[in-house]
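The values are calculated or read from the model by the stated rules, or taken from the named source; none is laboratory data. Everything numeric here is computed off the predicted structure, so don't read it as measured data. Virtual Cβ from ideal backbone geometry, glycine too; neighbours counted across all protein chains shown.
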Amino acid sequence: VNPYSVLSPQDITNKWEAVKQLVPLRDQMLQEEVARQQANERLRRSFAAHANIIGPWIQTKMEEIGHVSVDIAGSLEEQMNNLKQYEQNIINYKSNIDKLEGDHQLIQEALIFDNKHTNYTMEHIRVGWEQLLTTIARTINEVENQILTRDAKGISQ
């Protein structure tokens, strides 16, 4: 018996046994956290890979629509056909937006709130997409109105 300590050798042995039992448990918890963090990083990278393509694509299409509506030569009907084809190409791209939405859903479920791999958020993409659809529809509508006005007034191109 040690007069300078309140702990007996048995107390120390018991505490050591408790530590030896807790170490593997703690190890397992750390491994689970590492796996969770790696899964989160894969989700971030997947979202960023798609967003970094879709974001600039939307921006490019917006600029192209601006140029198309100004630079189109030919009859109003030809302009209309070109714009309708353009609109169809944009609509066909929707599956890429849907894939990004799926990635975003997984990110939200994993409670991931930041992504250092991209400056785009799903909200940016959604707003850009809606703006793109609205812009092409408005441009088509303007050409349709020009056709109707021309036909109603009986004027030529």
Gly74 versus (1) surrounded by fewer than 14 Cβ atoms within 10 Å (Cβ to Cβ); (2) under 22 Å from Leu148 (Cα atoms); (3) in contact (Cβ under 8 Å) with a residue 40 or more places away in the chain: which is the lone unmet condition? (3)
Looking only at the stretch 77-92, count how many residues are surrounded by 16 or more Cβ atoms within 10 Å (Cβ to Cβ) and more than 24 Å from Ile147 (Cα to Cα). 0
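Give Ile90, Ile112 a once-over and let me know the one that is hydrophobic (A, V, I, L, M, F, W, C), modelled with pLDDT of 95 or more and either closer than 25 Å to Asn40 by Cα or in contact with a Gly (Cβ under 8 Å, 6 or more places away or on another chain) (or both).
Numbers: Ile90 fails: either closer than 25 Å to Asn40 by Cα or in contact with a Gly (Cβ under 8 Å, 6 or more places away or on another chain) (or both).
After ruling out the rest, the residue left standing is Ile112.
How many residues, within the stretch 64-78, are assigned to a helix (DSSP H, G or I) and modelled with pLDDT of 80 or more?
Let us first name the residues in the stretch 64-78 that are assigned to a helix (DSSP H, G or I), namely 64-71, 76-78.
From the residues that got through so far, the ones that are modelled with pLDDT of 80 or more too are 64-67, 76-78.
Qualifying residue count for the region: 7.
Hey, among Asp98, Asp103, which residue is surrounded by 14 or more Cβ atoms within 10 Å (Cβ to Cβ) and either at pLDDT 95 or above or touching an Asp or Glu at 6+ places or on another chain (Cβ under 9 Å) (or both)?
On the way: Asp98 fails: surrounded by 14 or more Cβ atoms within 10 Å (Cβ to Cβ).
None of the others qualify; the one that does is Asp103.
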Which of the residues spanning the stretch 117-130 are in a helix (DSSP H, G or I) and exposed (fewer than 12 other Cβ atoms within 10 Å of the Cβ)? Glu123, Glu130
